[in-house]
Structure formats: C-alpha cells, structure tokens
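Step one of this worksheet: look at the structure below.
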Amino acid sequence: MGQRTYHDPLHGAIQLDRQDPAEALAIDLIDTAPFQRLRRIRQLGPAFLTFHGAESSRFTHSLGVLHLARLALQRLIRHDPSLEEHKAVLFAAALLHDLGHAPLSHTGEDMFGLRHERWSARLVRDHPALRQRLDAEGAGTADAVADLLEHGRYPRQAIGALVSSQLDCDRLDYLVRDSYSAGIRYGQLDLERILAALTLAPDGNLALHPKGLMAVEHYLVVRQLMYRSVYNHRLNVVCNWLLSQVIAVARRLGPGQVFSDTVMGRWLWHSDELDLETYLANDDLRCGYHLLRWREEGPEELREPCARLLDRRLLKATDVSDLASTQRLELLAEVQGMARRQQLVAERCCGLQQSQNRGYHPYKGGLRLWDGERLEALETRSPLVRSLIQPVEQAWLIHPAEVREPLQQRLAELHT
C-alpha cells in the first residue's frame, strides 16, 4: 500500500506516504520488531496506579513526535529550503528517540540503572533491521541518527534542536499526551502557535518569533506543573521507590532464591552484559509476569513489595520539602523507629526520595527570540521565564499508614 494512516487521539490522522522517501523510511522503521516493542512499554510507567487513564505507550508517543517533527520541518523549510536534505535523519530520529527504553520507561531506568538514550543509539547502530534500512537511505545515516539520539549532536543544529532541546518535538508531544492521559486539563498547549513561531536565527540555529512568546511561556509553565503534579506525584514516587526496592531485593537474593526466566535473569544479574536480543526481549509484560510470580512464590521480603504494587496497597508519602537535608535524614531515622515499634520491617516500608527540577535552563541550549532584526535570549524578554530558572526541590518521606499520626505530631513540633 502506498499510504498508511495512524489515528491518534491527540493529533488526528497521521498519514504517511511511500511516495515520499523519508516517509517510506518511517513506515519501514515502524514495522521493525524493535519499534513494535514500544507498544509494550507504558509511556508513564507505573503512573496508571495513580492516574487510571495513563495507559498510553511509547509507540503512540513516538508517532506523535514524528508528526510534530514533520510539521516543524515544513515550517523551517520556508526559511531555509536546504533543510529538506535532512528530512530522513529528522524523521528517523524523531521516531526512534525512545527505542531504548527499559520496561516501565523512566522508572525502568532507575530500577535497572540504564540510560535509554545510550540503548536507543546502540540499537540504531547495531540492530541489522534498523541499520540496514537507515543506511540504504544514504551511507552514514544510521550513525548520524545514533549520534543525535545519544549526544544531541548533528551538523545542522536546527534539525538537532527539533529532536533534543528545551523546545523539542518530544517534549511538546509528551506534555500534551501525558496531560491528556492523566486527565489534567492545563496541559492543553497551543501547539499550532508554537510551531508557527519557529524560525531560524542568523546563525542557522532554531529560534522563535516573539509572536509565539506567550504560547512558549505557557509551555514552560505546563512542564513545571506536570513535574509537580504527575511525574513527581507522591503516589508515583512511592511506586517508583517500591519497584526499585523489588529489583534491589531480587538482585541481592540471587538466582538461588528468586524465580526468573532466562531474559530476566540476565537483566537482574548480568545487566552489564546485555546483548540486543536480550535487551529487546524485556518489556512491561515480562516485568509484570515476574512481579506476579514473586508475589506468589518469592521470599517474604520480595512478596511484600510486589503485593503492595499489584494489589495497590501503596505506602504513604509526606512532603518534607521545607525541611533541611539533615532534618529529612533525621526524620527518616525517627520514622524507621516508629515502624519498628509497629512490628514492621522499617527497611521495606520507609524511605526518602528527593528530586530537583528546573523549569528552564538558560545555559543548556537556551531559547532565543528573533524578529528579523533583533536576537535575544528568551529570559531577557520574559519575567515569567526568568522565574522558572530557579530550581524547585521536592522531598517525599515514604512511610506506612501505621505511623501517620506520630509522624504528623513530629512534623508539627519541627514547624513550631
């Protein structure tokens, strides 16, 4: 068939036509086994335990990124027709940027200690189906895509910025998609206005026309809010902590005490030796199966966190962001003591998770405004953007429900 249509809940009909060489490349890449695996990787990991609609996959997201990259390139080609020559690399990179995600997406990276960018690049370079099809498009295409995915480097920086920057097509799609999946209305970005504002600065790099300033401000605020309300939601933090505990316990106990099939065994105890086939064989389905088996027949210290996750008997989390670092650690020790007095194993139910997020990095590929006469940094024009430069820290004290009352009493004392 010459054409193919993917009906996306956000972007509508995403049509690809084999008459266009870059779109034919995209169709062939979508049909490879490594890309089809993304259907079995949840976009938001275990967040479905908090937001029941968060069932979207990395497959769906990656198609959305391709769609936005195509629209963005159409806009930029008006300013520089030579960008058309880089269409195949852009489409491939947009489509394959999440190819190397571990099970449960970013949560899996923490669980297994992996970087998806590195694995995406390795798959592009070394998987025969991917490399052969990419290099059939032109010698060196696979290496160019891999370098862009792993390091954000590409000779035409405007093309690279559409894949990896503070305003790339990846972020534009996942903010809208994750907001939609989680049922949060403020993630409805003005994508049309943002894309219409894309332009090229005199140095050839990506810039924004000032007419899109408010839409970009809104995008940056939404990103900050999504981190606070979804990605770092207290229950999502608890799920991530429990999953990391599960893998840590399984690794410590070893194959003599923990069931695993051949693939999971390699992931658990030989993760530094994973080959491509074994890497691709793990996904949310295999991880979920092992959680079920461990709940049924694993040692007690493995059964307990698996049961908490599968039965959604989650631990509690209390915001301690306003406390100093030393106070947080001291409070963790106190909470562990409270848990032991309740005849609980403190190490299984008490933890401290801390994160820091900055809404905007002025020195990490900072955005610029260009109106045809004047080039200036985004933050010099926008007080709102300047306010997002300051890092925001979040700290959650994880604990069982049994210690909630004495914990609240102790917090009240600390705040007097």
Report task. Counting helices only, and only those DSSP H runs with n ≥ 4, report the 222 nm mean residue ellipticity of the chain as the sum of -39,500 (n - 2.57) divided by its residues, in deg cm²/dmol to the nearest 500. Result -> -16000 deg cm²/dmol
Requested in this report: Specify whether the C-alpha gyration tensor of the stretch 263-415 places it in the rounded, prolate or oblate class, a ≥ b ≥ c being the square roots of the eigenvalues: rounded for a/c under 1.5, otherwise prolate if a/b is larger than b/c and oblate if not.
Outcome: oblate
Query raised in the report: Whose amide H sits under 5 Å from the amide H of Val320, counting only residues 5 or more places off or on another chain, with H placed in the peptide plane?
Result: Ala395, Trp396, Leu397
Query raised in the report: Considering amide H positions built from the backbone, and no H for Pro or chain starts, which residues 5 or more places from Ala207, or on another chain, come under 5 Å of its amide H?
Result: Thr199, Leu200, Ala201
Query raised in the report: Summing Lys, Arg as +1 and Asp, Glu as -1, what charge do residues with Cβ under 15 Å from the Cβ of Ala307 carry, Ala307 excluded?
Result: +1
**Report entry** Förster radius 22 Å - calculated FRET efficiency between Asp80 and Ala136 (Cβ-Cβ, nearest 0.05)
**Finding:** 0.25
Report summary line: For the stretch 1-124, shape from the Cα gyration tensor axes a ≥ b ≥ c, cut at a/c of 1.5 then a/b versus b/c, turns out prolate
Query raised in the report: Working from the pairwise distances between different alpha carbons, so that the mean of 1/r is found and then inverted, what is the chain's Kirkwood radius in Å?
Result: 23.1 Å
Report summary line: Label model pair Asp275, Phe259: point-to-point distance (7 angstrom along the Cα→beta-carbon line) in nm is 2.7 nm
Report task. Could you work out the local net charge near Glu150, counting Lys and Arg as +1, Asp and Glu as -1, over the other residues with Cβ closer than 10 Å to its Cβ? Result -> +3
Query raised in the report: To the nearest 10 Å², what's Trp370's accessible area with a 1.4 Å probe?
Result: 50 Å²
Report summary line: Dipole check, the chain, charges on Cβ (K,R +1; D,E -1), about Cα centroid: among Asn240, Pro202, Ser82 the Cα furthest to the positive pole belongs to Asn240
Report task. Taking all protein chains together and a probe of 1.4 Å, list Val176, Val145 from the most accessible to the least accessible. Result -> Val176, Val145
Query raised in the report: Whole-Hz Karplus ³J(HN,Hα) for the stretch 364-380, in order, using 6.51 cos²θ - 1.76 cosθ + 1.60 and θ = phi - 60°, x for Gly and Pro?
Result: 10, x, x, 6, 10, 9, 9, 9, x, 10, 10, 10, 8, 5, 4, 5, 6
Query - Furthest towards positive pole of dipole, Pro103, Leu114, Pro155, structure part the stretch 34-158, Cβ charges - result: Pro103
**Report entry** Rough spin-label spacing in nm, given labels placed 7 Å along Cα→Cβ, for Leu292 and Ala248
**Finding:** 2.8 nm
Requested in this report: Can you tell me the dipole magnitude for the stretch 203-262 around its Cα centre, using point charges on the Cβ only (Lys, Arg +1; Asp, Glu -1), in Debye to the nearest 20?
Outcome: 220 debye
Query raised in the report: Using a simple charge model, +1 on the beta-carbon of Lys and Arg, -1 on the beta-carbon of Asp and Glu, nothing else, what dipole does the stretch 248-378 show about its Cα centre, in debye to the nearest 20?
Result: 440 debye
Query raised in the report: Going by alpha carbons, how many degrees (0 to 90, nearest 10) lie between the helix axis of 169-182 and the longest principal axis of the chain?
Result: 50 degrees
Requested in this report: Grab the other residues whose beta carbon is less than 12 angstrom from that of Gln166, score K and R as +1, D and E as -1, and report the net.
Outcome: +2
**Report entry** Residue-by-residue Karplus 3J(HN,Hα) for the stretch 139-150, coefficients 6.51, -1.76, 1.60, Hz, glycine and proline x
**Finding:** 4, x, 5, 4, 5, 5, 5, 4, 5, 5, 5, 7
Query raised in the report: So how tilted is helix 234-253 from the main axis of the chain? Cα-based, degrees 0 to 90, rounded to 10.
Result: 70 degrees
Query raised in the report: For Ala54, which sequence-distant residues (separation of 5 or more, or a different chain) have an amide H within less than 5 Å of its own amide H, given hydrogens modelled in the peptide plane?
Result: none
Requested in this report: Can you work out the accessible area per residue across the chain, with the rest of the protein chains kept in place, probe 1.4 Å, in square angstrom?
Outcome: 44 Å²
Query raised in the report: If the cut-off is a Cα-Cα distance under 26 Å, which lysines reach Lys87, setting aside same-chain residues fewer than 8 apart in sequence?
Result: Lys364
Query raised in the report: If you put +1 on each Lys and Arg Cβ and -1 on each Asp and Glu Cβ, how big is the dipole of the chain around its Cα centre, in Debye rounded to 20?
Result: 720 debye
Query - For the stretch 57-70, 3J(HN,Hα) per residue [Karplus equation, 6.51 cos²θ - 1.76 cosθ + 1.60, θ = phi - 60°, Hz, x = Gly/Pro] - result: 10, 5, 4, 4, 4, 5, 5, x, 5, 4, 4, 5, 5, 5
Requested in this report: Please name whichever of Asn357, Ala139, Leu369 sits farthest to the positive end of the charge dipole of the chain, dipole taken about the Cα centre and charges placed at Cβ: Lys and Arg +1, Asp and Glu -1.
Outcome: Asn357
**Report entry** Angle between the chain longest axis and helix 300-310 axis [Cα atoms, degrees, rounded to 10]
**Finding:** 50 degrees
Query raised in the report: How about Lys211: which aspartates and glutamates have a C-alpha closer than 19 Å to its C-alpha, ignoring those fewer than 8 places off in the same chain?
Result: Asp168, Asp190, Glu192, Asp371, Glu373, Glu376, Glu379
Report summary line: On the accessible surface of the stretch 224-371, probed at 1.4 Å with all protein chains in place, carbon and sulfur together account for a percent value of 47 percent
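The values are calculated or read from the model by the stated rules, or taken from the named source; none is laboratory data. Worth saying up front: this structure is predicted, and the values here are computed from it rather than measured. Please note: Cβ atoms are built from the backbone with ideal geometry, for glycine as well, and neighbour counts cover all protein chains shown. Surface areas here come from the heavy atoms of the whole protein model, side chains and all, with no ligands, DNA or RNA. Shrake-Rupley method; radii C 1.70, N 1.55, O 1.52, S 1.80 Å.
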